[in-house]
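What follows is a single structure, written as structure tokens, with notes after it.
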Amino acid sequence: MHRLLLRAPARRCLSSAAPRPEHAVISAFDLFSIGVGPSSSHTVGPMRAGRIFINDLKDLGLLEKQGQDQPVSVLRVPGRNLVFIPLEVWLAGGHRSVTILSAADLPDPLPGADPETIDTGTIPSRYEAILENKALLLNGSHRIDYDMDKDMLWRYDLVLKTHPNGMRFSCFDRNGDMLATNEYFSVGGGFVVNEKTKVDENLFYKGVDKKMVHGARLHQSHSIADSDSADPSVDKELNQDHSHPPYPFDTGNTLLALTKKHNMTIAQIVHDNEKFFGYSDEDIHHKLMRIWQVMDECIHTGVSSQETTLPGRLGVRRRAPMLYRRLMRGFYPGIATPAFTSIGAGMPSASIESPLSERTESTPGSPGAKATTGGPLLASSKPPLVIGSFNHAILPMPPRKTVIPAMDFLSCYAIAVNEVNAAGGRIVTSPTNGAAGVIPGVLKYILEFVSDDPEKSIKTFLLTASAVGMLFKRGSTISAAEGGCQAEVGVACSMASAGFAACMGASPETVLQAAEIGIEHNLGLTCDPIDGLVQVPCIERNSLGAVKAVTAAQLSMASHGVYSVTLDEAIEAMKVTAADMSVKYKETSLSGLATSVKIPLTVPAC
């Protein structure tokens, strides 16, 4: 039997001397990547793996080898583990039985099949076409027979060593002989690796097409040279070394030392490292603005959605539209944020009307009528009965509605993003899909309630947050399958805390302290999604993560450099906690809320 093993790109050979530590620097635009919900590990990662495999087949001439009249007979995926199996991609009215192919005819590298650019509205029709036609179109022209029930094999009996989320693509000819095979592991955040690219996955696999990748991404060494030399000429020589970025760091302490040594902020360090990957100042600016644009559009989509429930049998009600309408009641269109109306992309914020269930037609001057701007009069409803005895030393509290506008907006923004994610919409992986609402929510909060210079705040926030994300990716994990939800919402909270503190003008030391507080109080957070969906408790968890992030930053700035735990120690604690955590709480839905909550859920309207 003829067999060809597709190999990953060769890694740069290191000296045979004692191994040197690996730095943590990756591109911020790998950490913040535009993708499709609901899962970076189960949607974005497999989509990229499929494209990589098909591109390799094309480069090796295997797609054309048999000719159009004799197509490759089957593309098999027999290597996935139980942890990869949560059925997370849903359609309106039902859910999909698989995630790899349902994410937009994944092995088809036509324009639009990439997770960053695909029209999310076409995903349902693509999936239905696969089921109905029992065929896949590879490279836009090569048709193969594909029966989902026969040609996608689920291995519930395997516990993979490299990473819980694994898949194997194999290509066979009409006689059943294997032509090529490769294994991939989706390690969180949309990153894809195999045995030969455990370190360099960010440099190669997110580029997908080797011919389209900047040379620095293919040949970067992750070894840190001694950049602490007192000789300026040595530093200059190192910064010109094309094997690593100009400011490599592997821990929070080394990052802090770089900021002090070069008199730079954390955002400036990350910005200059991006140039190593071939980006100019203009490129970096435009890419950061593009990331924020997608985040902001995601928030707007979430708060203006006309859908009342999320896809899937849980029937979870969407809350962001109702929350936002309530918050915007009484605002004059265009006056709330005249200089930076980022919600709506030309659509006045107040044009999203209040919920019909809360609107009561009332005649001016009638009892209880209250005038509001931008809508009809609202009649005050009868307050609910107070539960409790009035013949007691502790009197019951009368019913009242408390509104803390800034924090309420913060929660609303985070919930909006994750509802879009849960419905399979366009989101920014930050650092994962399951935690994609924390960072946009906090950044939106800054822009709407704090910042006087939106563009500066966006760049400072995202670059600072990405530095912290890099430290977690290297020092622990950003995959819930490895570390539970502390690796997703916990890390996102830490990143957002750092970004918020940086936008407040905090010192690098205080910024890293904020990041430490953000993760310290998420340690041990489990990943136990009900029915394997990124809905409950994931959506609310993002809201709480955003609120924690702001609080953590405020605590760090009020502490004046007094703290007991460093960020590096907290990252190490998270790594140990993840190793000790039962597999039941690592995205498997085998315990916790996933088993204690009965389906269907009872979710009242907000």
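Below, the figures for the structure above:
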{"item": "Vicinal HN-Hα couplings computed from phi for the stretch 569-577 (Karplus, 6.51 cos²θ - 1.76 cosθ + 1.60; Hz; Gly/Pro x)", "result": "5, 5, 5, 5, 4, 5, 4, 5, 4"}
{"item": "Under 5 Å, built H, 5+ apart or other chain: amide partners of SER33", "result": "THR429"}
{"item": "Nonlocal amide H pairs with ALA180, under 5 Å, H built at 1.01 Å", "result": "LEU4, CYS171"}
{"item": "Accessible surface, per residue, of the stretch 500-542 when the full set of protein chains is kept, probe 1.4 Å, Å²", "result": "27 Å²"}
{"item": "Cα gyration tensor shape of the stretch 506-606, rounded if a/c is under 1.5, else prolate or oblate by comparing a/b with b/c", "result": "oblate"}
{"item": "Inter-probe distance in nm under a simple model that places probes 7 Å from Cα toward Cβ, at ALA406 and ARG290", "result": "3.3 nm"}
{"item": "Gain in span if fully extended, ARG143 to SER596, counting 0.36 nm per residue against the direct Cα distance", "result": "158.6 nm"}
{"item": "Order by protection proxy (mean Cβ within 10 Å, highest first), peptides 268-276, 53-61, 466-474", "result": "466-474, 268-276, 53-61"}
{"item": "Sequence ranges 557-565, 416-424, ranked by mean other-Cβ count within 10 angstrom, highest first", "result": "416-424, 557-565"}
{"item": "Placed amide H near ASN165: partners under 5 Å, 5+ positions off or other chain", "result": "SER186"}
{"item": "The stretch 405-421 - phi-based ³J(HN,Hα) in whole Hz, Karplus 6.51/-1.76/1.60, Gly and Pro as x", "result": "x, 4, 5, 5, 5, 4, 5, 4, 4, 5, 5, 4, 4, 6, 6, 5, 4"}
{"item": "Protein-only accessible surface order, largest first, of ILE517, ILE599 at 1.4 Å", "result": "ILE599, ILE517"}
{"item": "Net length gained if the chain between PHE390 and ASN253 were fully extended (0.36 nm per residue, minus Cα distance)", "result": "43.5 nm"}
{"item": "Protection proxy ranking, peptides 444-456, 279-291, 566-578, 528-540, average beta carbon neighbours within 10 Å, highest first", "result": "528-540, 566-578, 444-456, 279-291"}
{"item": "Whole-Hz ³J(HN,Hα) from phi, Karplus 6.51 cos²θ - 1.76 cosθ + 1.60, for the stretch 545-559, glycine and proline x", "result": "x, 5, 5, 4, 4, 5, 5, 4, 5, 5, 5, 5, 6, 8, 8"}
{"item": "Difference of contour (0.36 nm per residue) and Cα-Cα distance, VAL576 to GLN306", "result": "92.8 nm"}
{"item": "Too-long pairs where the Cα-Cα distance tops 20 Å, listed order kept, from LYS444/LYS473; LYS287/LYS459; LYS473/LYS575; LYS275/LYS456", "result": "LYS444/LYS473"}
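The values are calculated or read from the model by the stated rules, or taken from the named source; none is laboratory data. Keep in mind that this is a model prediction, so the values were computed, not measured. Every residue, glycine as well, gets a Cβ built from its backbone with ideal geometry; the counts of neighbours run over all protein chains shown. Just so you know, the surface numbers come from the protein's heavy atoms only, side chains and all, with ligands and any DNA or RNA stripped out. Shrake-Rupley method; radii C 1.70, N 1.55, O 1.52, S 1.80 Å.
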